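Single-structure report; data block below.
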Amino acid sequence: MNLTHIKIYNDYDKMSAAAAELILDVVRTNPEAVLCFATGNTPVGTYRELVARAKESGTDFSRCFCIGLDEWLGVPGNKSGSCKYILQEQVFDPLAIKQTQVHLFDGLTTAVEAECEKMNTLIENKGGIDCMLVGIGTNGHIGFNEPGVDSRLKAHEQVLHDSTLDAGKHYFKEPTPIKKGITLGLAQVMQAKMLLLLANGVSKSAIIRKALEGEISPAVPASFIQQHTNAYVLLDKEAAAELTL
Ligand code: PGA
């Protein structure tokens, strides 16, 4: 991995602004870009900045295409807390991105394999993902690729770890039974033409060190980012605190 692509910012807002600018550059260069966005606490500031800066600069998102990274299985997309609901609220609606420009996983699918196949085919037909933004779980997951995952997998169903379920609870307003997720696989993360990994806060410092300086292993799914040829890791000072490089 190109270490110049590890960027450390004084605070969360500066990290978010930088991530937003990278995404805007992708869309300005290629208005038909295929984008893939994570949900969670980490990218909230990036999406806020993206929307504000897109409006300010008149950047046109009307021809780009958005692919889902993951979804909680058993949770409908119209429920607040679902990945679909969050992306709709934080990204698609404010940027006037139409339903025809979006393809997300259906959390209510009863045919997970077919749902995965549909996503895999779509990504291939689109010529791959141009820009993917992901966070990192405290256990090293990317999307719902939990420790131990086969790094060759494309879209697949994943039994979620306790730490993911614990973190997940906070995204929902009311108790929501979740056990599994559906996610793009590490193979697709690695194939993204540009990968942005964001992390902020002291709770991410240990896993960031393992992911960036530790052994590349399925035990830390995010460690595969070290093999990506065009990955940007954007960190605030707290998340970067344990890096030694
Ligand atoms: P967070 O989640 O952004 O809410 O910390 C990150 C993740 O689990 O991928």
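The values are calculated or read from the model by the stated rules, or taken from the named source; none is laboratory data. Everything numeric in this text was worked out from a predicted model, so none of it was measured. Reconstructed Cβ throughout: ideal geometry from the backbone, glycine too, with neighbour counts over all protein chains shown.
Annotations for the structure displayed:
- Failed criterion for Leu24 (all others in (1) surrounded by fewer than 19 Cβ atoms within 10 Å (Cβ to Cβ); (2) modelled with pLDDT of 95 or more; (3) over 19 Å from Ile129 (Cβ atoms) hold): (3)
- If you go through the stretch 196-242 and pick out every residue that is within 15 Å of the ligand (Cβ to nearest atom) and of a type in the set (Lys, Arg), you end up with 2.
- Hey, Gly137 away from the ligand (no atom under 16 Å from the Cβ), touching a Ser or Thr at 6+ places or on another chain (Cβ under 7 Å) and either at negative phi or among the charged types (D, E, K, R) (or both) or not: no
- Applying the set (1) within 16 Å of the ligand (Cβ to nearest atom); (2) in a helix (DSSP H, G or I) to Val27 leaves exactly one unmet item: (1).
- Condition check for Val44: hydrophobic (A, V, I, L, M, F, W, C), surrounded by fewer than 20 Cβ atoms within 10 Å (Cβ to Cβ) and within 16 Å of the ligand (Cβ to nearest atom): yes
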